[in-house]
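All remarks here apply to the structure that follows.
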Amino acid sequence: MEDRIAHYMVTFTPQQWPEAYRRALEVEELPRKGSRRVAAAVTAAATRLGYKERNFFKIIRAYKDSLQLNDQVLSNYPRQLPAETRAALEEAIAHAGPGARPGAIQSAAEALCEKRKISPPSKRAVRTRLNLPMEVTDIASYTGMNTDYAIDMSPLDVAVDGPDNIPYHAVLTAFIDVSRGIALAHVVTADRPTADDILQLVTEAAEKTSSASPARASLAVYRNAPVDDLRTKAQLRSIGIAKSDVQVDSRRPGLALTAMFGTKLGRVPLNPRRNPSIPFAIRETLPLPVVRPAVALLLERYHAGLQINREAEPAVSAAAAVQAITKGPAKATPIGNAYPPSLHASR
């Protein structure tokens, strides 16, 4: 059930996850369609949540729709963009015409946004809108890492139940293939990962890279990472990583994860500068077993986006696209309904 609920939760911001979780639980507990008890159950669920009954039916539809979303692209449009930025991007797409390169569209959108004194869309937002695969970040160039693998962690702006029922940041820790720009394994914890968490992480990564005669490899770990457990060392050796091949990165954790995802994983902000041991100054949290499937789903979608086959893109220069915007109108290409219906229902 948690896996189905995760599909619904990730359509919202982390601050909305607790409410989305409550909605999803109510939908999951409804009787099957056709049962005489459905109407009464819907009325009771809407009352418990404080919604009007007609709005709860919208929630039911949104929940079912979320289960059908393509795991490669969460939506056809990055919802976090301001409305005026969305409009500028749509105008740039229409004026650039079919076959325009993403870079040309981005340049045209940036020109429009500069003229209107509004925030421009990011490169990732443009590619998401065009339903194109995300580009693999050169983690080595971005971070200066010269290793084959890295273990990196970053707090997420998600409130979870921590020790003694105190709200903490969820922490994402990943075993990263630096050259491929992917996470081979990950764990989500409240506060920093323990030695057992790191053992689980390395074991999963070892299973995905197992070889009868592994080539020698190197690993960068964040400062104070608990990698000295004998079982963890044994798993690292199975990947080809000896003790002498492990380098400690003395810089703040989160650099490699930020290189991969930018500032957000889906709609979840990464917050590398946050001390994960400092509790959240809010009341509402979610249990880790609820948050983990949601983060796992976002990672799956990220990796799926990297694997989409690229299609040949006819050359359309950025200068030509900008000129089409700034020097006069061009015939717009019909783009249909660019904005997906909102999954949010008002109370």
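Which numbered condition in (1) more than 30 Å from Ala87 (Cα to Cα); (2) under 15 Å from the mean Cα position of the chain (by Cα) is the only one that Arg127 fails? Among (1) more than 30 Å from Ala87 (Cα to Cα); (2) under 15 Å from the mean Cα position of the chain (by Cα), the lone unmet condition for Arg127 is (1).
Out of curiosity, is Asp249 acidic (Asp, Glu), surrounded by 11 or more Cβ atoms within 10 Å (Cβ to Cβ) and either touching a strand residue (DSSP E or B) at 6+ places or on another chain (Cβ under 6 Å) or under 30 Å from Ala125 (Cβ atoms) (or both)?
Values: acidic (Asp, Glu): yes; surrounded by 11 or more Cβ atoms within 10 Å (Cβ to Cβ): yes; either touching a strand residue (DSSP E or B) at 6+ places or on another chain (Cβ under 6 Å) or under 30 Å from Ala125 (Cβ atoms) (or both): yes.
Against the criterion (acidic (Asp, Glu), surrounded by 11 or more Cβ atoms within 10 Å (Cβ to Cβ) and either touching a strand residue (DSSP E or B) at 6+ places or on another chain (Cβ under 6 Å) or under 30 Å from Ala125 (Cβ atoms) (or both)), Asp249 qualifies.
The number of residues in the stretch 249-308 being touching a Leu at 6+ places or on another chain (Cβ under 9 Å), more than 25 Å from Gly162 (Cβ to Cβ) and not acidic (Asp, Glu) comes to 5.
Every residue, every condition in (1) more than 20 Å from the chain's Cα centre (by Cα); (2) modelled with pLDDT under 80, yes or no:
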{"position": "Glu2", "(1), (2)": "no, no"}
{"position": "Ala20", "(1), (2)": "no, no"}
{"position": "Leu30", "(1), (2)": "yes, no"}
{"position": "Gly50", "(1), (2)": "yes, no"}
{"position": "Asn55", "(1), (2)": "yes, no"}
{"position": "Val73", "(1), (2)": "no, yes"}
{"position": "Thr85", "(1), (2)": "yes, no"}
{"position": "Ala94", "(1), (2)": "yes, no"}
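Looking across the stretch 160-202, the residues that are in a helix (DSSP H, G or I) and either out of contact with any Ser or Thr (no Cβ under 8 Å at 6 or more places or on another chain) or among the hydrophobic types (A, V, I, L, M, F, W, C) (or both) come down to Pro163, Asp164, Asn165, Ala195, Asp196, Ile198, Leu199, Gln200, Leu201, Val202. Scanning the stretch 205-221 for residues that are of a type outside the set (Gly, Ala, Ser), touching a residue at least 24 places away in the same chain (Cβ under 8 Å) and out of contact with any strand residue (DSSP E or B) (no Cβ under 6 Å at 6 or more places or on another chain) returns Thr209, Pro214, Arg216.
Run Thr128 past the list (1) outside any strand (DSSP E or B); (2) surrounded by fewer than 19 Cβ atoms within 10 Å (Cβ to Cβ) and report the number of the one that doesn't hold. Against the list (1) outside any strand (DSSP E or B); (2) surrounded by fewer than 19 Cβ atoms within 10 Å (Cβ to Cβ), Thr128 comes up short only on (2).
The values are calculated or read from the model by the stated rules, or taken from the named source; none is laboratory data. This structure is a prediction, so every number in the text was calculated from the model and none was measured. All Cβ positions, glycine included, derive from the backbone under ideal geometry; neighbour counts span all protein chains shown.
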